[in-house]
């Protein structure tokens, strides 16, 4: 009969086998360590430096790679130029890893008068032996001064729109650009209200990077949360650029409801910093004895227009002179983003 400890080891071995563990990972089992002979590495793999292009600023270089032990032993750590690598999500035993190497480390590897360096990938195993896995050639340019001489800031709104909603249902794309000399510069975006994504605050720091156009660019998303004009500022070094965007809440009806007696009418203005939905912007509930009209019958989905030339769309609520009983009509207006407002008008019989 197995003891509890033996049963636990047996169960661990089964689970470990299913998960792909190496034999030495089973409790009580020590790896068979044999001193490596010759130059052949017992750990093999490949690695790639990000883009393999020259880097002329001090941002980190991202290196990704694979590793496998010929003897199926555990790989305890992978190093890139002495910098520990980390396992990528879902990887086991450093089968897939990544590392970020600073400019200072890269520069320390370069021989005097040369731009060529080699990123040495090494790894240690469960037997504490260090193996040379791979070497990645790389060309490192001298650091150049990052200069921001001008900034361009553009807010790109959703197609066909000239404002943002307060509901944060749609963003503007914030695009910052500068000359190629600005690659690597940090740009701070600030807004007088609303928030940027992914920072979820009114301030975010971006890094200008090289783009296919040859310019240095960065982008973020901006969401409005308060009606009014929002000032967005981009600043880098001593250079500032600004842009504005309108943020609007749901339409406002003026008046926002009321009582009308038989034979009376009232004109209702629609106040908005944004725009009304193009199809059926305002709808009135069907009621006998009351007419709600702009350029057409709003109970039938008619269009809303500016009927008196004051620049604001409006509609008129009219009550029949022979209304026999009290009724109510509900008018709802919706903007481009689905933000809506409603008002109730009561028609009172004589």
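Just one of 233, 217, 244 is in contact with a strand residue (DSSP E or B) (Cβ under 6 Å, 6 or more places away or on another chain), exposed (fewer than 14 other Cβ atoms within 10 Å of the Cβ) and not in a loop (DSSP other than H, G, I, E, B); which is it? Walk me through how you get there before you give the answer.
On the way: 233 fails: exposed (fewer than 14 other Cβ atoms within 10 Å of the Cβ); 217 fails: exposed (fewer than 14 other Cβ atoms within 10 Å of the Cβ).
Matching residue, one of 233, 217, 244: 244.
Taking the stretch 188-214 as the region of interest, how many residues are in contact with a helix residue (DSSP H, G or I) (Cβ under 8 Å, 6 or more places away or on another chain) and surrounded by 15 or more Cβ atoms within 10 Å (Cβ to Cβ)?
Initially, the stretch 188-214 is screened for residues in contact with a helix residue (DSSP H, G or I) (Cβ under 8 Å, 6 or more places away or on another chain), giving 208, 210, 214.
Now narrow it down to the ones that are surrounded by 15 or more Cβ atoms within 10 Å (Cβ to Cβ): 208, 210.
Qualifying residue count, the stretch 188-214: 2.
In this structure, is residue 180 more than 30 Å from residue 278 (Cα to Cα), out of contact with any helix residue (DSSP H, G or I) (no Cβ under 8 Å at 6 or more places or on another chain) and without any contact (Cβ under 8 Å) to a residue 40 or more places away in the chain? Judged against the criteria, residue 180 is a match. Are any of the residues in the stretch 162-171 surrounded by 13 or more Cβ atoms within 10 Å (Cβ to Cβ) and under 24 Å from residue 103 (Cβ atoms)? No, the conditions are met nowhere in the stretch 162-171. So in the stretch 321-347, with the set limited to residues that are more than 46 Å from the chain's Cα centre (by Cα) and surrounded by 15 or more Cβ atoms within 10 Å (Cβ to Cβ), which one is farthest from residue 264 (Cα to Cα)? Result: 327.
Quick check: anything in the stretch 78-89 at positive phi and either over 43 Å from the mean Cα position of the chain (by Cα) or modelled with pLDDT of 55 or more (or both)?
Yes, because at least one residue in the stretch 78-89 is at positive phi and either over 43 Å from the mean Cα position of the chain (by Cα) or modelled with pLDDT of 55 or more (or both).
The values are calculated or read from the model by the stated rules, or taken from the named source; none is laboratory data. A quick note: this is a predicted structure, and the numbers were derived from the prediction, not measured. Every residue, glycine among them, receives a Cβ derived from its backbone with ideal geometry; neighbour counts consider all protein chains shown.
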